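Novice: Submitted below is the structure of interest, expressed as structure tokens.
The values are calculated or read from the model by the stated rules, or taken from the named source; none is laboratory data. If you're wondering where the values come from, they're calculated on a predicted model, not measured in any experiment. Virtual Cβ from ideal backbone geometry, glycine too; neighbours counted across all protein chains shown. Note: areas computed on protein heavy atoms with side chains; ligands, DNA, RNA excluded. Shrake-Rupley method; radii C 1.70, N 1.55, O 1.52, S 1.80 Å.
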Amino acid sequence: MKTDNGHYNEARLRSILDNVVDAIVTIDAKGCIENFNKAAERMFCYSAGEVVGQNVKMLMPEPYCGHHDKYIGNFTSSGIAKVIGKGRDNLEGRRKDGSIFPMYLAVNKMMIDGKIMFTGIISDITERKRYEDQLKTEKENATREAKTKSHYLSVMSHDIRTPISAMLGIAEQLGAIELPDNQKNDLEAFKKAGNNILGIIDGAVGVTGRGIEQANPEHAANILVVDDSIDNRKLIGHILKKAGYKVTEANGGEEALKLVDESPPDLILLDIEMPGINGFEVCATLKRSARSRDLPVIFLSAKSETSDKVMGFEIGGVDYITKPFDRNEVLARVNNQIKIKNLANNILQTNMELNEKQSRLDADLDAAAEIQQTLLPHELPTVNELNFAWKFSPCDQIGGDIFNVFQIDDENIALYILDVSGHGAPSAMVTVSVAQMLRQQSALRKNGTGGANADGIVLSPCAMLNALDNEYPVERFGKFFTIVYMIINIHKGSIVCSNAGHPAPVILQKDGNYDFMDKGGTIIGMQGATKYEEQQYNLKRGDKIIMFTDGAPEYMNDKGEIYGEDRFYKLLTGCKDLDIDQTLDHAFKSLTKFGNNTKLQDDLSLLGVEYKV
């Protein structure tokens, strides 16, 4: 008969489940629905009475419906999870009327009364998907319209700009020549009129500065112009200076190499046909030097043959401008290379900063790992009746595994093993906090203060798990954890154990048979959603208890194969005649051999105890 407190807890749990926004569906290991809350009734348009006892695939369209039973079977036998322990939002549900809707699904495995159960939390994301599709359609329409407009304006701009740009280019060249004052005035008037026309075109197409970005005077790039023609140097120098760049000139290859050696520029505009060392030879020399090999080089040449351009690129040039020059082309190509160079410099700087941050983070994680290592049971209790052993191998990322053994009093020893969700410093810090709480209970008990119990009575495993569940709600740290907490009476060989969603410890008997300690409840962090149960067991001489985290059965080798629970239990059965140290050594070596030196995806933790009396 249920107590009033039991009725209250059951009513409280039912109230929580019926008032949450998301649908919550619980199924057994065969896929049959056991619980179906009010939100699930509204979402799927079934009453609880219509679905409880039915296979959950009735809520799924194809192909999920046809694959579900096979998926559960594969998970039960291999431990390979596709949805369990994760969340997916690319799934679909089926309502009573046959309509399909998109949904987000998160599934968790738990053990209740020795039975494997799965709880699914489901959100209807129809509105979110509709909004995303609407945004996608509007974006595609806007992009299409923008492309049409851009193409029209580009064609119009090109057809009008090209002849005007050519005339202005000729005017720039004429401006470098000594002319009578009246001709200079006429030339300036011509250039002003041409620029006004280009300005009108740019205004129509929404371009500033004739589509060419101006250099920032405070960070203006230094460009080396190498050409044996003084007129070409003046023309290009005039164009670049007007755009805000700093310009250095060299009249040939020898002078260019000397200037680069003294002060490397940001970009080189290099003529090919020059007396002495030609442009190709200058570029080849630059690329052989560590000091100048990364300098971008744009070739200048009256040669427009493809073979010349190919040779320039093969030697190390980044671009090629054919004479006579078009002002806009020169600036566009120069701007592009300066942008690329700046981006490359920014990437290098960012990489350096990231490496520094990563080094600091690695140092922090190493420190956290060292702290976590200090919490492992380096000094095991020494009692005649029991032998203890453990193995721990961390993965590359610091994880949330921890375990320990401590003596509560002259009669009782406590063992626990836990696994905090996730990896990294946040999981490790929760691990440390939980371990400190458990260690504090032990210290208080040894000092005679009674720990959490003022009467000095040893806290039972279920009381300890209830305390942890209240102290570490998911909302507090964004983490949950699984744990097995066990108390062994040293003289009697009796065990009391409670399991919060953790892989069940194996009791390996002397004859090779084994049993599981799987009674308890759901994960820690749900704040009283379920009441934790206890399981009792009386050890016999030679019995061994093996506790482990999911890093053992879920270890994946280089072929993508999972070690699996069945293989793990079969391995332990073969250790029936070994002592506990040999058993854990053999298990660890078997896992390592199976993995073929593959890096661990999760911490590998094994804790064992052997009853000798």
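Novice: Which whole-Hz ³J(HN,Hα) couplings does the range 314-325 yield from phi under the Karplus relation 6.51 cos²θ - 1.76 cosθ + 1.60, θ = phi - 60°, glycine and proline marked x?
Specialist: Each residue's phi maps through the Karplus curve to give 5, 6, x, x, 9, 7, 8, 10, 8, 6, x, 7 Hz.
Novice: Using amide H atoms built in the peptide plane, which far-off residues or other-chain residues are under 5 Å from G520 H to H?
Specialist: D113, G114, N499, E533
Novice: Would you pull out the residues with amide H under 5 Å of I490's amide H, same chain only if 5 or more places away, H placed 1.01 Å from N?
Specialist: Residues meeting the amide H criterion: N412, I413.
Novice: Given the alpha-carbon gyration tensor of the range 245-327, what are the semi-axes of its equivalent ellipsoid in whole angstrom, ordered largest first, with each equal to the square root of 5 times an eigenvalue?
Specialist: Working through the eigenvalues yields semi-axes of 19, 14, 12 Å.
Novice: Just order 186-196, 227-237 by mean Cβ neighbour count inside 10 Å, highest at the front, would you?
Specialist: 227-237, 186-196
Novice: Continuing with the same structure: Which far-off residues, 5 or more places away or on another chain, put their amide H under 5 Å from the one on M274, with H placed in the peptide plane?
Specialist: G279
Novice: Decide, for the range 298-415, between rounded, prolate and oblate: order the square roots of the alpha carbon gyration tensor eigenvalues as a ≥ b ≥ c, take rounded if a/c falls under 1.5, and otherwise choose prolate if a/b is larger than b/c, else oblate.
Specialist: prolate
Novice: For the range 510-613, what is the accessible area per residue in Å², given a 1.4 Å probe and the full set of protein chains?
Specialist: 48 Å²
Novice: Sort the range 446-580 into rounded, prolate or oblate with this rule: let a ≥ b ≥ c be the square roots of the eigenvalues of the Cα gyration tensor; rounded if a/c is under 1.5, and if a/c is not under 1.5, prolate when a/b is larger than b/c, oblate otherwise.
Specialist: The shape class here is oblate.
Novice: Leaving out ligands, DNA and RNA, and with a 1.4 Å probe, what % of the accessible surface on the range 276-407 is carbon or sulfur?
Specialist: The C+S portion of the solvent-accessible surface of the range 276-407 is 51 percent.
Novice: Per-residue HN-Hα couplings for the range 502-515, Karplus 6.51 cos²θ - 1.76 cosθ + 1.60 at θ = phi - 60°, whole Hz, x for Gly and Pro?
Specialist: With the stated coefficients, the range 502-515 comes to 9, x, 5, x, 9, 9, 8, 8, 4, 7, x, 6, 9, 9 Hz.
Novice: Among 55-64, 463-472, how do they line up by average Cβ neighbours within 10 Å per residue, starting with the highest?
Specialist: Per-residue mean Cβ counts within 10 Å order the peptides as 463-472, 55-64.
Novice: Short version: ³J(HN,Hα) in whole Hz for each residue of the range 402-409, in order, from phi by Karplus 6.51 cos²θ - 1.76 cosθ + 1.60 (θ = phi - 60°), x for Gly and Pro, what are they?
Specialist: Along the range 402-409, the couplings run 7, 8, 6, 9, 8, 8, 7, 7 Hz.
Novice: Right, something else. Kindly identify the range 270-310 as rounded, prolate or oblate by the Cα gyration tensor criterion: order the square roots of the eigenvalues as a ≥ b ≥ c, call it rounded if a/c is under 1.5, otherwise compare a/b with b/c, prolate if a/b is larger, else oblate.
Specialist: It comes out prolate by the Cα gyration axes.
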